[in-house]
Amino acid sequence: MTGRFGHNSRRALDRLEEGSEAVLVEVDGDTGLRRRLMELGMLPGTVVRLVRRMDAVGVLELEVRRCRLSLRLADARHLTVRPAA
Amino acid sequence: MTRRTDDDARSVVIAGNPNTGKSTLFNQLTGASARVGNYPGITVERSQGRLTLPGGETVMMLDSPGTYSLVARSPEEELSLESIAGLPPLTAPDLVVVTVDASQLTRNLYLVLQIIELDVPVIVALNMVDTLVGTGQVVDETALAHELGVPVVPIVARRGEGLDALTRAIAEALAAPESAHPGWRWRPASDSALAADVATLSESVPASWHGGRPERSRALALWALLSLADEHRLDDVPEALASAVTSRRTAAAAAGRDLEQEIIGGRYAWIDERTDRFLKTRPPPLSLTDRIDAVLLHPVLGFGIFLTMMTVVFQALFTGADPLIGLIEDGVSALAGLAGSIFGHGMLGDFVANGLIEGVGAFLVFMPQILLLFLFVGLLEDCGYMSRVAVLMDRIMKRLGLHGRAFVPLMSGYACAVPAILATRTMERRRDRMITIMALPLMTCSARLPVYGLLIAAIVPPWEEARFAQGLLMAAMYLFGTVMALVVAWVLGRTVFKGKNIPLVIEMPPYRVPHWPTLLRMVLRRGTDFVKTAGTIILVASIGMWVLLTFPQTSADEAALEARLAVASADLAAAPGEAPRALADAVTELENEAAAAQARNSYAGRLGRLIEPAIEPLGFDWKIGVGIVGAFAAREVFVSTMGVVYGAGEVADDETRGLREKMWSDTWPDGRRIFTPLVCLSLMVFFALACQCLSTLAVVHRETGNWIWPGFMFAYMTVLAWGASFVVFQGGRLIGLS
């Protein structure tokens, strides 16, 4: 399947381009991390928009459910997304 | 009308996500009555204060740590749960006020739902409604209150807006708790496996937790199902409940169920279904704050602007406070002089001038820097920039086990540890805060400067061509202190304050114009608060030091000196030429000698000699011991104490020449020089690491609410200082230095 995301349509959230929207398909990591990410609203099926990538400081800013949230890139790697419909 | 005391007053807990203005609201509501106490049974600090309601009743307000959820992953969440749910040994609050950031509404509602489930009366304080204006968003409070089933009061805590309405709502909810008590909003479908899990588990919830209320016992069962999964943090979980949870979770996993998805997803689904009813608009894709952030968080520009800003702040801190410091110093000496002329030169005058006024003055001198620092930190926090600093510094600070927000307090430590410790209040997690507080006093504060100045001059004589070497040595001491602070933070983060690495969520609030009246009130309140609490301890300590240096009075020596004074006067009569000046010199000389004799025989002198065996391996004699004892009250006192011990008279910081010469020529009984460069270096290392600041200990006591942490700080720093000085002195001797 090819599309905006290239050959592999699923990718880690930290590889999303600035300004693009995607749908979360998977949240992993150990139980604690996974639960925390979900409690912050990162659930499978949730639409997220990557507002800003700050690679220099290792942080990215997201918009989720009309809220803003900044995560470390290291934590964002546990979230898998697919292109928004 | 009966006035309840703290003990039987009804209690209102303020809860909420981190950075939703919880503490601001708490301070606005409680004002001067706020104080730091401990949670019952444990030594964790918690703010409490009083609020008088319109009806005249006074209720106790309790702050709770900011948290995204009640799942007990961190000590903060554990305490939040315990204080909101009222798990033993805490008692259930009569009301919970949940602060909610209006611009981050849906995420905040997750916690609101959890708290409502616990069957306690809830009011939502919809905070920061002003920040919505710029984004074009509107929250329909009536619709929100309708969906949640609890009162919703819009407020702007930092401007003090909406507080009257909130206070009225608190009074109404306390009068009619059912109005704020709607029962579960989201609940598992009655025929679901999750509902069966909850029903079974609720039988294992102890009665002391649910108090005979079925809703509450189901809520705690649901909570246990998520919280007790793996290593949880709660101590007093009944074995029956823990094992019931384990078996239910195992069964769920075997059936391919995802409990996190069911419970967390269930609550969010409830919120998602209703969001359009109370949030009619969508946020713009790119707000003004985003455009500012594009610059301030730019990988190059952002760091450049931040470093420039820090430089300006510290320049202002050092130079801007200077005139005021000079003014206070002049005022203190004038007052001390006045006291001397009123009370005479006897013991009383000496006590008032040197014990009281100079002692308290040495502490008041730091007030301009302290107030300026409060103002800067408050300003950075209020306009929203502090969160950006946390983002910029996150990667570096994280490697050291510190929070990004620790950066500004640590830098502030270069000026003075006391306001810097108060500035750590911007950190929500107790662990981050404690690590920063414990490492902070190692940063080279301005009180170490005069000591370093004196000792560096003793190592490198102040010839013009040696200025560069002196500067280099000073810079090295600054670097040494900073590196040690970071090392200590790193070690503490892996030992004493070991904590699980929780994914860092950084919230970046919209930029706001600072609200000056609140800001200035805050600076003033923290300032007076500090003077009152730390000042009292300083005053007592100053009196203590004066007593140690003044008693016992050495009458024998005085008699001998009197005799010599008489001889000097007789000499003077025989040679009338240059009379007054010579007499004055002779008298000064004798007075200094008398002071030195007094210092030698005083309790402080005896203490110095008593500890001499302990400090001799560091290269220090008893005179340095007296200086160290004196410096315990405050570092800069070392210079003046040495002045007294060496009989060099009163020593001003910039006129240490006479003292330096005497120190230079002082010897051990066997004729070896005492103040060799190696000893001075060892002494500087000691001063860099030792906790010689009562104000710091006083403020740590104030901030942690107990004496354990200041005790720990004093102990580890003293051990560190002794060890490092030992290594420097003995190591230096081994490689042939002197």
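A few points about this structure:
- Being modelled with pLDDT under 80 and either out of contact with any Leu (no Cβ under 8 Å at 6 or more places or on another chain) or buried (at least 18 other Cβ atoms within 10 Å of the Cβ) (or both) holds for only one residue in B:Ser640, B:Ser695, B:Ser602, and it is B:Ser640.
- Residues of the stretch B:380-392 that turn out to be facing another protein chain (nearest Cβ under 10 Å) and under 20 Å from the mean Cα position of the chain (by Cα), as a count: 2
- Residue within the stretch B:399-406 that is part of a helix (DSSP H, G or I), surrounded by 23 or more Cβ atoms within 10 Å (Cβ to Cβ) and touching an Asp or Glu at 6+ places or on another chain (Cβ under 6 Å) present: yes
- Answer from B:Gly331, B:Gly256 - the residue that is away from every other protein chain (no Cβ under 14 Å), part of a loop (DSSP other than H, G, I, E, B) and of a type outside the set (A, V, I, L, M, F, W, C): B:Gly256
- Qualifying residue in the stretch B:306-324 (condition: at pLDDT below 95, within 11 Å of chain A (Cβ to nearest Cβ) and farther than 30 Å from B:Ala102 by Cα): no
- Screening A:Leu69, A:Leu79 for residues that are within 23 Å of B:Gln137 (Cβ to Cβ) and buried (at least 20 other Cβ atoms within 10 Å of the Cβ) leaves exactly one candidate, A:Leu69.
- The sole residue among B:Ala157, B:Ala176 that is within 32 Å of the chain's Cα centre (by Cα), at pLDDT below 95 and more than 30 Å from A:Val47 (Cα to Cα) is B:Ala157.
- Residue list for the stretch B:722-738, restricted to those being assigned to a helix (DSSP H, G or I) and more than 22 Å from B:Gly625 (Cβ to Cβ): B:Leu734
- Some residue of the stretch B:719-738 being surrounded by fewer than 18 Cβ atoms within 10 Å (Cβ to Cβ), among the hydroxyl-bearing types (Ser, Thr, Tyr), modelled with pLDDT of 95 or more and outside the structural domain of B:Ala489 (by TED's automatic domain parsing): no
- Of all residues in the stretch B:385-393, none are of a type in the set (S, T, N, Q), in contact (Cβ under 8 Å) with a residue 12 or more places away in the chain and crowded, with 24+ Cβ neighbours inside 10 Å.
- Test: B:Leu220 is more than 14 Å from every other protein chain (Cβ to nearest Cβ), of a type in the set (A, V, I, L, M, F, W, C), farther than 26 Å from B:Ser103 by Cβ and in contact with a Phe, Trp or Tyr (Cβ under 7 Å, 6 or more places away or on another chain): yes
- Condition check for B:Leu126: modelled with pLDDT of 95 or more, more than 14 Å from every other protein chain (Cβ to nearest Cβ) and not in a helix (DSSP H, G or I): yes
- Residue check, B:Pro238 in contact with a strand residue (DSSP E or B) (Cβ under 8 Å, 6 or more places away or on another chain) and either modelled with pLDDT of 95 or more or surrounded by fewer than 19 Cβ atoms within 10 Å (Cβ to Cβ) (or both): no
- In the stretch A:19-43, the residues that are under 23 Å from B:Gln261 (Cβ atoms) and more than 7 Å from chain B (Cβ to nearest Cβ): A:Glu21, A:Ala22, A:Val23, A:Leu24, A:Val25, A:Glu26, A:Val27, A:Asp28, A:Gly29, A:Asp30, A:Met42
- Qualifying residue in the stretch B:98-121 (condition: more than 13 Å from chain A (Cβ to nearest Cβ), surrounded by fewer than 23 Cβ atoms within 10 Å (Cβ to Cβ) and under 26 Å from B:Val513 (Cβ atoms)): no
- Within the stretch B:201-216, the set of residues being hydroxyl-bearing (Ser, Thr, Tyr) and either surrounded by 14 or more Cβ atoms within 10 Å (Cβ to Cβ) or assigned by TED's automatic domain parsing to the domain that holds B:Asp94 (or both) comprises B:Ser202, B:Ser204.
- Count of the stretch B:413-452 residues, restricted to those that are at pLDDT 80 or above, hydroxyl-bearing (Ser, Thr, Tyr) and part of a helix (DSSP H, G or I), is 3.
- Filtered residue count, the stretch B:402-434, keeping only those that are of a type in the set (Val, Ile, Thr) and over 27 Å from B:Glu78 (Cα atoms): 2
- Conditions (1) within 7 Å of another protein chain (Cβ to nearest Cβ); (2) hydrophobic (A, V, I, L, M, F, W, C); (3) closer than 28 Å to B:Arg277 by Cβ: number failed by A:Val57: (3)
- Among the numbered conditions (1) modelled with pLDDT of 80 or more; (2) out of contact with any helix residue (DSSP H, G or I) (no Cβ under 7 Å at 6 or more places or on another chain); (3) within 23 Å of B:Ile506 (Cα to Cα), the only one that B:Leu472 does not meet is (3).
- A:Val51 being facing chain B (nearest Cβ under 10 Å) and either in a strand (DSSP E or B) or buried (at least 18 other Cβ atoms within 10 Å of the Cβ) (or both): yes
- Of the residues making up the stretch A:8-18, those that are farther than 29 Å from B:Ala72 by Cα and either facing another protein chain (nearest Cβ under 7 Å) or surrounded by 18 or more Cβ atoms within 10 Å (Cβ to Cβ) (or both) number 1.
- Residue among B:Leu126, B:Leu144, B:Leu148 that alone is more than 21 Å from B:Ala9 (Cβ to Cβ) and within 33 Å of the chain's Cα centre (by Cα): B:Leu126
- Qualifying residue in the stretch B:682-702 (condition: within 23 Å of B:Lys623 (Cβ to Cβ) and among the basic types (Lys, Arg)): no
The values are calculated or read from the model by the stated rules, or taken from the named source; none is laboratory data. What you see is a predicted model; the values in this text were computed from it and never measured. Using ideal geometry, Cβ is built from the backbone for each residue, glycine included, and neighbour counts are taken over all protein chains shown.
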